[in-house]
Amino acid sequence: MPLTQEAVRAWLQRCAAVLEENRDYLTQLDAAIGDADHGVNMDRGFKAAMARLASLNAPDIGSVFKTVGMTLVATVGGAGGPLYGTFFLQLGVKTANKQELTPHDWAEALEAAINGVIARGQARPGDKTMVDALLPALEAYKAALQEGASFAEALARSAAAAEEGMKATIPMIAKKGRASYLGERSAGHQDPGATSSYLLLQAAAETWADAA
């Protein structure tokens, strides 16, 4: 069955909770190769986004996503703000005027969001960024739908692929962002952006397991 605005809001609330739960973990990951603020920034940004949504009488799903995106741009520091802001703003563009999302709608929205992140950050697969979790997740999701998998199964496969992509960043040498300044010393550390991306997609698979 299609996802309603209520289901979308439930996912975003779960994202906020998961990021709060993993705030210290994400910050520890970022301390090894970045500015040690990713967890704190993401937690703050999603708390602000949830506060905005609480008073938002959104006419459609796109408006919900756009509100989150704009709030993240305004409140999340570092690279995470523009990148995650772009992610949710692009979700909003693709879901404008929609009251429900089908599995195909989510595929199109997710692809637009990831393409937005790639354009904004100029990162490619293998650069040790959130893209290394997001692209495999998208590919797995689309492949699952083509094979006739249910929405819930496709979301689960998407999250599993994101987890694999996240773990694959550990041996990589960073080519983008603050981590790239470390050169070969960035190897051996899991990318915090890839980790937060996985957490959001895992939250979608969990939240929408019954709704989808």
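Observations
- Positive contributions from Lys and Arg (+1) and negative ones from Asp and Glu (-1), summed over other residues with Cβ under 14 Å from the Cβ of Arg23, come out at -4.
- Treating each Cα of the range 93-171 as one equal point scatterer and applying the Debye formula with no solvent, the log10 of I(q)/I(0) at q = 0.14, 0.15, 0.24 Å⁻¹ comes out as -0.47, -0.54, -1.10.
- Sorted by Cβ density within 10 Å, fewest first, the residues His38, His104: His104, His38
- Likely footprinting exposure, Met50, Met42, Met166, fewest C-beta neighbours within 10 Å first: Met50, Met166, Met42
- Listed values for the range 3-16 are Karplus-derived 3J(HN,Hα) couplings in whole Hz (6.51 cos²θ - 1.76 cosθ + 1.60, θ = phi - 60°), namely 7, 8, 4, 4, 5, 5, 5, 5, 4, 4, 5, 5, 4, 4, and x replaces Gly and Pro.
- Backbone geometry of the range 124-129 corresponds, through the Karplus equation with coefficients 6.51, -1.76 and 1.60 at θ = phi - 60°, to 3J(HN,Hα) couplings of 10, x, x, 7, 6, 9 Hz, x marking Gly and Pro.
- Remark: the chain carries a charge dipole of roughly 600 debye about the Cα centre, counting +1 on each Lys and Arg Cβ and -1 on each Asp and Glu Cβ.
- Along the range 89-95 the Karplus relation, 6.51 cos²θ - 1.76 cosθ + 1.60 evaluated at θ = phi - 60°, assigns HN-Hα couplings of 5, 6, 4, x, 4, 6, 10 Hz to successive residues, with x for each Gly and Pro.
Computed from the coordinates by the stated procedures, all read-outs in this text should not be read as laboratory data. Everything quoted here is computed from the prediction, not taken from an experiment. Every residue, glycine among them, receives a Cβ derived from its backbone with ideal geometry; neighbour counts consider all protein chains shown.
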